[in-house]
Structures are given as structure tokens and as C-alpha cells.
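Enquirer: Pasting a structure here, questions to come.
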Amino acid sequence: MIELRELTKRYGGRVAVDGLSVRIQPGVVTGFLGPNGSGKSTTMRMILGLDAPDHGEALIGGVRYPDLSWPLKAVGTLLDAGAFHPGRSARAHLAALAASNDISGSRVEQVLRTVGLSDAATRRAGTYSLGMRQRLGVAVALLGDPGVLLLDEPVNGLDPEGIRWIRDLLRGLAAEGRTVFVSSHLIAEMALTADRLVVIGRGRLLAETTVAELAAGADSLEDAFFRLTAQATDYRGMGAS
Ligand SMILES: Nc1ncnc2c1ncn2[C@@H]1O[C@H](COP(=O)(O)OP(=O)(O)OP(=O)(O)O)[C@@H](O)[C@H]1O
């Protein structure tokens with residue numbers, strides 16, 4: 001489980017995340033939605049100890065990220081596909097991470113199979129397509145067999161087959177009892193992938209609900225989302241006339 005307690009972050013005079021308290025439960029995929037600039041990335045960075053909160057805390061299984069003894073075994077993350085040494089093969093990259101994180105070498109072959117990169121495992125990551133880099137990122141996230149997965153825009157730039165693959169994988173990981181927390185701009189995609197939704201606007205919690213509950217009473221989940229976030233952006237388009 002991920003627990004956020006009054007999580008708050010300010011940049012200068014601006015509040016990016018504002019007293020956010022929510023529990024993200026295991027066994028389901030929880031989508032993290034909000035307009036641009038609403039604080040999703042900042043929240044994820046604080047969960048992962050990459051940004052320090054000004055107030056409150058983020059706990060993973062009851063422990064702050066910096067206090068985890070083997071972070072890769074507790075939480076798998078996909079923040080930025082393509083952050084790999086271009087000259088290293090997928091297998092070499094995963095093997096180095098396994099060696100430095102008390103993870104067995106056999107797990108490397110397991111995750112390569114899970115993400116479908118076994119046949120390309122000796123190729124340099126620099127030659128990979130975006131979809132293959134994304135799969136390598138997922139392999140890294142799964143390497144430590146973590147109970148919690150945190151993914152920032154995992155389907156960004158993927159083709160329809162890649163999107164379906166990620167969707168099925170995330171649902172399967174949740175069905176195994178893991179906590180899966182995934183941010184996205186793609187509301188329609190979240191409707192297919194997520195069971196629950198955490199919606200924020202201007203750094204504040206707007207809704208913590210199921211996909212079905214949010215969509216009820218509106219024409220679509222997208223309409224329900226726009227209604228919920230209408231007052232929570234600094235920008236607003238003027239429809240075409
Ligand atoms: N390092 C930083 N310095 C100053 N302001 C920042 C910094 N990082 C984020 N912000 C501001 O904090 C607010 C929240 O940004 P954040 O990137 O967390 O939102 P987001 O929901 O992830 O947005 P997007 O959907 O566009 O990725 C924005 O107003 C942003 O400009």
C-alpha cells in the first residue's frame with residue numbers, strides 16, 4: 001500500500017502539492033489523473049524520495065522511501081523510458097542492477113521473458129525503438145519482484161499493441177495482489193486499465209473513487225473528469241467559433 005499523509009510541496013510561492021492525503025490499495029490498478037501542472041509528477045517524485053515534502057509524508061508499506069533497505073524489492077518505478085546507457089545491452093543493464101541490489105541473476109532472464117525482450121537481450125539499448133525501451137523500463141521496475149509499482153505515463157508514445165500489452169500487464173500485476181499506481185493524461189485509457197482513480201487539481205485531492213462511480217451520471221468518464229477539474233486549471237481553451 002502507498003499512503004500519502006498531508007503531502008505538501010511548494011516551489012517558491014507556488015503550492016504544487018497541497019495537503020494530499022490518500023491511500024492507494026493493493027490488488028487493484030489505481031489511476032492518477034489531473035490536468036497539466038496539477039502536481040502528479042511532483043507527488044510521484046516525493047513518494048520516491050526524489051523531492052522532499054515541505055509538510056507531510058509518503059509511505060510505501062508503512063516506510064518512507066529513503067528508509068527502505070532494498071528499494072528495488074519494495075517498489076518498481078517507471079518514470080522516464082530511455083534513461084539507459086545506450087551502449088549497454090538490456091541483459092547487461094539488468095544484470096548490473098540485479099548484482100547491486102541483492103537480486104538473483106535468474107530473475108534477469110525471468111523479467112526479460114515477461115517483457116518480451118529475451119531475443120533482443122544482447123542488443124545495445126541505444127538501438128531500441130521507443131516501445132522496446134519502454135519494455136526495458138518495465139523490466140527494471142519488475143526486477144526486484146516488488147509489491148508496489150509506480151508508473152508515470154507508461155503508455156506515452158506506444159503503439160496500440162504496446163498500449164494493450166501495458167494494460168494487460170498492469171491488470172495482471174494488480175491481480176497478483178500488488179499495489180499499482182499509474183499516472184496518465186489518457187482518460188479513455190484509464191477507463192480500460194484502472195479500477196480506482198485518484199483525481200487531483202492544483203495539488204489538491206478532487207476525488208478518490210472507482211472508475212464506475214466517477215463515470216455514473218455523466219455521458220462519459222471524460223465528461224465527468226472535465227466537470228470535476230473545471231475549476232482546477234490555470235488555463236482554459238476558448239472553444240472554436
Ligand atoms: N522543479 C520545479 N520548480 C518550480 N516549479 C515546479 C517544479 N516542478 C514542478 N513545478 C510546478 O509545480 C506544479 C505541478 O507540476 P507537476 O509537474 O507536478 O504537475 P503534473 O500534474 O505532473 O503536470 P503534467 O501533467 O503537465 O506533467 C506546476 O505548477 C509546475 O510548474
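Enquirer: Quantify, in whole percent, the carbon and sulfur part of the accessible surface of segment 77-198 (1.4 Å probe; protein heavy atoms only).
Expert: Carbon-and-sulfur percentage of accessible area, whole number: 50.
Enquirer: Let's test the formula: R0 of 35 Å, r as the Cβ-Cβ distance of Asp145 and Ala52. What FRET efficiency results, to the nearest 0.05?
Expert: On the way: r = 28 Å, r/R0 = 0.80.
That gives a FRET efficiency of 0.80.
Enquirer: Compute the angle between helix 160-175 and the longest alpha-carbon principal axis of the chain, please, reported from 0 to 90 degrees and rounded to the nearest 10.
Expert: 90 degrees
Enquirer: If you don't mind, there's one more thing I want to ask. Top mean-square fluctuation among Phe32, Phe181, Phe225, Gaussian network model of the chain, C-alpha springs under 10 Å?
Expert: Sorting by GNM fluctuation, first place goes to Phe225.
Enquirer: Which residues in segment 161-187 have a backbone N closer than 15 Å to a point placed 7 Å from the Cα of Met1 along the Cα-to-Cβ line?
Expert: Under 15 Å, as judged by backbone N against the label point of Met1, lie 178-180 of segment 161-187.
Enquirer: Here's another thing I want to ask about it. Angle, helix 105-114 long axis vs. longest principal axis of the chain, Cα atoms, 0 to 90°, nearest 10?
Expert: Relative to the chain, helix 105-114 is tipped by roughly 50 degrees.
Enquirer: Follow-up. Quantify how much of the Cα-Cα distance distribution of the chain extends past 29 Å, in percent.
Expert: Taking all Cα-Cα pairs of the chain, the fraction more than 29 Å apart is 30 percent.
Enquirer: Please compute the per residue accessible area over the chain with all protein chains in place, 1.4 Å probe, rounded to a whole number of Å². Write down the numbers at each step before the final one.
Expert: On the way: 11470 Å² over 241 residues.
Here the per-residue accessible area is 48 Å².
Enquirer: Considering the chain as a Gaussian network with a 10 Å cut-off on Cα pairs, which listed residue, Pro66, Pro86, Pro160, attains the greatest mean-square fluctuation?
Expert: Among Pro66, Pro86, Pro160, the largest GNM mean-square fluctuation belongs to Pro160.
Enquirer: Let me ask another. GNM, the chain, Cα, under 10 Å: largest mean-square fluctuation among Gly49, Gly61, Gly13?
Expert: Evaluated over the chain, the most mobile residue of the options is Gly13.
Enquirer: Of Ala125, Gln25, Thr42, which is farthest towards the positive pole of the chain's charge dipole, taken about the Cα centre with +1 and -1 on the beta-carbons of Lys, Arg and Asp, Glu respectively?
Expert: The one lying farthest along the dipole's positive direction is Ala125.
Enquirer: Taking the Cα-to-Cβ direction at Tyr11 and at Asn36 and moving 7 Å from each Cα, how far apart do the two end points lie in nm?
Expert: Output for this residue pair reads 1.3 nm.
Enquirer: Based on Cβ point charges of +1 for Lys and Arg and -1 for Asp and Glu, what charge dipole magnitude is obtained for segment 1-133 about its Cα centre, in debye rounded to the nearest 20? Walk me through the intermediate numbers first.
Expert: Numbers: 16 positive and 11 negative charges, 82 e Å.
In total the dipole reaches around 400 debye.
Enquirer: Considering Cα pairs under 8 angstrom that are at least six residues apart, work out the relative contact order of segment 10-149 and quote it in whole percent. List each step's numbers first, then the result.
Expert: Values: 159 pairs, mean separation 36.5, N = 140.
Value for segment 10-149: 26 percent.
Enquirer: Let's test the formula: R0 of 25 Å, r as the Cβ-Cβ distance of Val63 and Ser104. What FRET efficiency results, to the nearest 0.05? All intermediate terms of the calculation are to be shown ahead of the outcome.
Expert: Working: r = 23 Å, r/R0 = 0.93.
Computed FRET efficiency for Val63 and Ser104 comes out at 0.60.
The values are calculated or read from the model by the stated rules, or taken from the named source; none is laboratory data. Predicted, not measured: the structure shown is a model, and the values here were computed from it. Don't worry about glycine lacking a Cβ; one is built from the backbone with ideal geometry, like all the others, and counts go over all protein chains shown. Keep in mind that these areas ignore ligands, DNA and RNA; they rest on the heavy atoms of the full protein, side chains included. Shrake-Rupley method; radii C 1.70, N 1.55, O 1.52, S 1.80 Å.
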